[in-house]
Amino acid sequence: MAKHRETGCLIERSPGHWAIVISTRDPATGKRKRQWHSFAGTKSEAKAERIRLLAASQNGTAIDPRKMKLAKYLEDWLRTIKESVSPRTYERYAEIVTNYLVPALGETVLSKLDKFVIGDAYVRIRANRTKGQGELSARTVLHCHRVLSAALRQAVPRHLSYNPAADAKRPKVETRKTTTYSLTQSVDVLEALRGTWMHVPALLALLCGMRRGEIAALRWGAVDLDRGQLAIVQSAEQTKAGVRYKEPKSGQARTVALSPAVVAELRAHRARQAEGLLRLGVRVEGSSFVVAQADSNPYDPDSISKEWRLRIIKTGLPRIRFHDLRHSHATHMLASNVHPKIASERLGHSRVGITLDLYSPVVAGLQESAVALVDDAMAKALQKRSETLG
């Protein structure tokens with residue numbers, strides 16, 4: 001029997017996204033068949049995936065795309081995106097796939113997926129919570145929808161003619177009410193934490209609007225106390241493999257101005273840190289972490305959150321998340337009539353619209369103040385005109 005040669009080619013659909021076409025001949029009819037596969041990654045990674053698909057086709061382990069089940073497709077999808085997303089994002093995607101999507105939809109053939117099948121699966125996912133009691137939160141089910149939709153988007157046109165998840169009914173998620181501290185409560189919590197290692201992280205979150213990961217990654221080389229500013233150039237990301245240092249969330253470094261009070265607190269903190277490390281024969285250098293243990297090793301982001309939860313219980317203040325200290329800083333700025341654009345830049349939002357959406361109740365209050373100011377200005381202008389004419 002003559003051997004039919006199998007070939008594969010790459011087609012770049014968009015930067016970082018490829019179509020891998022595997023061409024074979026039916027041994028019975030001799031007709032050429034093409035199988036389309038989607039892949040996200042670099043060109044060299046796509047070439048390696050093409051070789052793997054060719055090998056699978058030649059040794060008989062390839063699956064007919066028309067018979068592929070969602071579990072197998074998601075397994076392949078996770079493998080293809082692993083190098084193009086952050087480790088923490090990949091871990092979260094894998095958790096959602098393993099814990100929710102595969103148990104609910106894994107045995108479903110891709111071609112049988114539609115908005116009704118997917119919508120029913122979301123109902124089952126929410127009802128059959130694997131940990132804890134009660135229903136799964138609507139927000140978690142929404143995360144499941146986003147992961148499934150992203151995965152199926154890459155199945156077009158290889159396995160599907162359209163993305164069925166796009167039309168599926170998803171749970172309605174109520175806007176999460178953010179609890180923040182007032183200015184008085186902010187002072188109270190900082191005083192309550194004074195003398196503990198949590199004082200500086202809380203200070204940087206409450207008075208500089210820094211994220212937990214940014215605080216854990218901050219080094220003295222990025223802090224200029226003489227000029228009263230610090231640069232946020234890194235963020236610490238917690239993963240199962242440990243802590244990974246990466247660029248800030250927005251993808252861009254930013255400079256944050258420091259108030260004289262914060263400068264004074266950081267000077268005192270650095271002096272205490274230097275004194276403690278000197279006993280160990282260690283010097284504070286530019287590469288030293290601002291928030292560090294007694295041996296100069298940094299705290300990981302989870303340690304900051306855990307310590308915050310333990311400390312806040314003892315203060316008698318409302319129990320809020322550590323991240324809500326950052327929200328408190330944003331609220332204080334906007335309530336003090338700081339322009340949203342300035343607040344957005346200080347918080348490290350990629351665009352001012354994010355700031356306006358997150359803090360819309362505060363912005364609504366600013367509108368009332370603005371109307372009063374304009375009305376007052378108009379009244380003064382009318383009075384001046386009357387006096388001039390009179």
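Please treat every number below as a calculation from the coordinates, not as lab data. What you see is a predicted model; the values in this text were computed from it and never measured. Glycine gets a Cβ as well: all are built from the backbone with ideal geometry, and neighbour counts include every protein chain shown.
Laid out as a table, the results:
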item: Angle in degrees between helix 260-278 and the longest Cα principal axis of the chain, rounded to the nearest 10; result: 70
item: Segment 198-214 residues near the modelled L317 label - backbone nitrogen below 17 Å, point 7 Å along Cα→Cβ; result: 198-212
item: Helix axis angle, 87-96 relative to the chain longest principal axis, alpha carbon, degrees; result: 60
item: Contour minus Cα-Cα distance for V85 and I11 (0.36 nm per residue); result: 24.5 nm
item: Length-normalised contact order for segment 86-163 - Cα pairs under 8 Å, 6+ apart - percent; result: 30
item: Acute angle (nearest 10 degrees) that the helix 183-193 long axis makes with the longest principal axis of the chain, alpha-carbon atoms; result: 80
item: Computed lengthening from E174 to A271, 0.36 nm per intervening residue step minus Cα-Cα distance; result: 30.3 nm
item: Partner aspartates and glutamates for K380 [C-alpha distance under 20 Å; skip if fewer than 8 residues away on the same chain]; result: E368
item: Sum of -39500 (n - 2.57) over DSSP H runs of 4+, divided by residues of the chain (222 nm, nearest 500); result: -15000 deg cm²/dmol
item: Links that overshoot a 32 Å alpha carbon limit, given the list K69/K240; K47/K172; K169/K246; K82/K306; K72/K240; K169/K341; result: K47/K172; K169/K246; K169/K341
item: A264-A381 pseudo-label distance in nm [points 7 Å out on the Cα-to-Cβ vector]; result: 4.3
item: Cα-derived Rg over Rh, computed across segment 63-174 with Rh taken as Kirkwood radius; result: 0.95
item: Estimated distance in nm for a label pair at I51 and S250, the labels positioned 7 Å out from Cα along Cα-to-Cβ; result: 4.2
item: Centroid-to-centroid separation of segment 266-306 and segment 146-191 [C-alpha atoms, Å]; result: 36
